[in-house]
Structures are given as structure tokens and as C-alpha cells.
1. Explain nothing, just the number: dipole magnitude of the chain about its Cα centre with +1 on each Lys and Arg Cβ and -1 on each Asp and Glu Cβ, in debye rounded to the nearest 20.
2. Rank Phe1, Val16, Ser121 by how far each Cα sits towards the positive end of the charge dipole of the chain (+1 on Lys, Arg Cβ; -1 on Asp, Glu Cβ) and give me just the farthest.
3. Go through [x] 15.7; [y] 15.3; [z] 21.5 and flag the label whose value is the computed Kirkwood radius over Cα pairs in Å for this structure.
4. Relative to the first principal axis of the alpha-carbon coordinates of the chain, what is the inclination of helix 10-28, with its axis defined by its Cα atoms, in degrees from 0 to 90 and to the nearest 10?
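Only the coordinates and a few stated rules stand behind these numbers; no lab work does. Keep in mind it's a predicted model, so treat the numbers as computed, not measured. Cβ atoms come from the backbone with ideal geometry, glycine included; neighbour counts cover every protein chain shown.
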Amino acid sequence: FAYAKRLAPPGVFAHVLRCFYFALALLHTGFPSGTPGVAQIGFEELSLRLYHTSLLHDLAFSNNTEVLAHPAHAMTFELQGAIMTYEHLHAAAPSLDPHQVGDIVQSIVLHTSAWASGSSSANQILLAISAAFDAGGVRTFLI
């Protein structure tokens, strides 16, 4: 929380918080329970991953000096943010296992990607839906 708040401009930080709240609302409906093509994961585990993913997903969408000086700054904000998240989680949340960190980081890399078919994690799907909804509104899904 503190890392994202320190690096993100106020508007971006408000966006990442709204994404988390939107995703929690979707979880409240029972997602991903029984959703075809979505790997099943328990609420406690998914909400932990979702917390980290939501708060850290736009780390590189900033003009903060630390962000601009990061060696991955020449990459897209999704890739740079994912790399920064990977580094941060290893330092700040060493109890997360490789599968948890991998899902969080991969969800950040893919959160703006769209594909017609395939599979992903429930975490990535929730982030993509909530970020698109917050950034573009409900009409985003009608296009």
C-alpha cells in the first residue's frame, strides 16, 4: 500500500484503489466459482493476490523520480510495473511463494491485453475487468 501510494500520482492511486473495490464486488458475486475456463481458487488466496495486483498494477504509470530512474523505464508501463512489482514483492513480501508472485506479476503484464480465446487466472481476469471498467466505464465492454 505504502509503496504504491508513494510512487503513484494521486489520480492513479485512486484508480488502483477503485480497481480493487470493483474486483472485490465481482468476488462478492461468487466469481470465479464454477466459471467455465477459469481456474478455481479460494476466496482468501484470490483476495490476497488481488490486493497486491490491484495496488501495484500501475506502478510505472508515473513520473516519480524512482520510476523514471528504474532500469526498465524504456519498456511499456505494464512491463516496467511488473518488473518493479516482482522486485518489490521479493523484498517486502518474502512469504509469497513463486506461484503467487508469478500470478501477480503476470496479471500486471497482461492487464491491458485483449484476446478472443485462451485462458488466464481469475486474478488477471478480475484486474482486466476492473481496470477497464474504471478507466473506460461500463461501455468499454460493449465495444
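1. 320
2. Of Phe1, Val16, Ser121, it is Val16.
3. Label of the calculated value: [y].
4. Helix 10-28 sits at roughly 20 degrees to that axis.
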